[in-house]
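The values are calculated or read from the model by the stated rules, or taken from the named source; none is laboratory data. Remember, it's a predicted structure, so these values are computed and weren't measured experimentally. Cβ atoms come from the backbone with ideal geometry, glycine included; neighbour counts cover every protein chain shown. In case anyone asks, the SASA skips ligands and DNA or RNA and just uses the protein heavy atoms, side chains included. Shrake-Rupley method; radii C 1.70, N 1.55, O 1.52, S 1.80 Å.
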Amino acid sequence: MSAKTVLLVEDDELIGKLLVFILQRDGYQVEWLKDGQQAQELVLSGRDFNAVVLDLMLPFFDGLFLLELIRNQSTMAKVPVLILTSKMGEEDIALALKKGADDYLIKPFQPPELSARLRRLIGKQG
């Protein structure tokens, strides 16, 4: 059985390295992109993932733009998206959920909580 693949979109180098470490430790293959333009190209390419961990504040295109793009792509429309961001306003959370995010986790985060939330989201796929 092949490993589940997670698309990680995070522009912060240190947080990105930490997330790659956590996700790989949990058994996922990770595709890490560091800006919204790279992520847009990958989403439009039609590649499929088991989950997306998405920051909201990114260079070029923000996470909300990418979230809408993901939800409008036939290959990724149903892929679970976990928003991982330092934006903690009620409006930010509500907007991300309204646009199709499956979960929302605020930085700084606890690695066990991230792992548990991602496991739950991927498990719902069946």
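Here are a few things to note about the model shown:
- Test for Lys87: is it surrounded by 13 or more Cβ atoms within 10 Å (Cβ to Cβ) and farther than 20 Å from Phe109 by Cβ: no
Every residue, every condition in (1) at pLDDT 95 or above; (2) within 16 Å of Leu7 (Cα to Cα); (3) touching a Phe, Trp or Tyr at 6+ places or on another chain (Cβ under 8 Å), yes or no:
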site	(1), (2), (3)
Leu44	yes, yes, no
Leu67	yes, yes, no
Val79	yes, yes, yes
Leu95	yes, no, no
Ala101	yes, yes, no
Glu113	yes, no, no
Gln125	no, yes, no
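- Qualifying residue in the stretch 64-84 (condition: under 21 Å from Asp12 (Cα atoms) and small (Gly, Ala, Ser)): no
- Single match in Phe109, Phe60, Phe65 (criterion: under 12 Å from Ala39 (Cβ atoms) and either in a loop (DSSP other than H, G, I, E, B) or open to solvent by less than 20 Å² (accessible area, probe 1.4 Å) (or both)): Phe60
- Taken over the stretch 90-106, the criterion of being within 15 Å of the chain's Cα centre (by Cα) and open to solvent by 30 Å² or more (accessible area, probe 1.4 Å) is satisfied by Ile93, Leu97, Lys99, Asp102, Ile106.
- Screening Leu82 on (1) crowded, with 18+ Cβ neighbours inside 10 Å; (2) touching a residue at least 40 places away in the same chain (Cβ under 8 Å); (3) of a type outside the set (Val, Ile, Thr) shows it passes everything except condition (2).
- Any chance Arg119 is within 19 Å of Ala3 (Cα to Cα) and either of a type in the set (D, E, K, R) or in contact (Cβ under 8 Å) with a residue 60 or more places away in the chain (or both): yes
- In the stretch 1-56, the qualifying residues are those that are assigned to a helix (DSSP H, G or I) and of a type in the set (D, E, K, R), and the one that is surrounded by the most Cβ atoms within 10 Å (Cβ to Cβ) is Lys17.
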